[in-house]
Amino acid sequence: MINFSHQDFPTIRVDFFRLNEVELWNALLINPEACLMKWIDEMDYVMPILTPEFLQDLHNPSIPAGPPAPTSAMINKYVYTLLRSEFVANGCQNLKVRPAMPSIFVDQLYRCKPVQTEPLF
């Protein structure tokens, strides 16, 4: 995990989870469902980077929505499912998700149905 802070904002801390870290992979392999639920619960905000591949992961019916195996497509879809559940539990208020879209994908994605209709995006 990478911790980031800025001297002008000492009370704000940003954690980056990278799945290429051995400790995170081991935790994910042992109990993926509990691991992801714990991470989502501990995070104040989740910032998905909206790319064509990410959106395909979320809306591909061939990827099961159940507890994930350690593949990024399943992890993306499961985290999305957890965040949607939290959204509904909060009275349909988006209190956690703050998406970002790289400028190279704006022309391609800003009119696509998931981006326009998904309340988390």
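No lab work stands behind these numbers, since they all come straight from the coordinates. Just so you know, these numbers come straight off a predicted model, no measurement behind them. Note that each Cβ is placed from the backbone with ideal geometry, even for glycine, and that neighbours are counted across all protein chains shown.
Residues in region 96-103 carry Karplus couplings, in order, of 10, 8, 10, x, 10, 10, x, 4 Hz; the curve used is 6.51 cos²θ - 1.76 cosθ + 1.60 with θ = phi - 60°, and Gly or Pro positions show x. Once backbone amide H atoms are built at 1.01 Å from N, Val97 has Val46 as its partners under 5 Å, excluding neighbours fewer than 5 places away on the same chain. With K and R counted +1 and D and E -1, the other residues having a Cβ less than 10 Å from that of Asn76 yield a net charge of -1.
Residue-wise HN-Hα couplings along region 39-52, as the Karplus relation 6.51 cos²θ - 1.76 cosθ + 1.60 with θ = phi - 60° gives them from phi, are 4, 4, 5, 7, 8, 6, 9, 10, 10, x, 8, 7, 10, x Hz; Gly and Pro carry x. Under a model in which nothing but the beta-carbon of Lys, Arg (+1) and Asp, Glu (-1) is charged, region 69-121 shows a dipole of about 40 debye around its Cα centre. Whole-Hz Karplus values for region 80-87 come out as 4, 4, 4, 5, 5, 4, 5, 4 Hz, taken residue by residue from phi with 6.51 cos²θ - 1.76 cosθ + 1.60 and θ = phi - 60°; glycine and proline positions read x.
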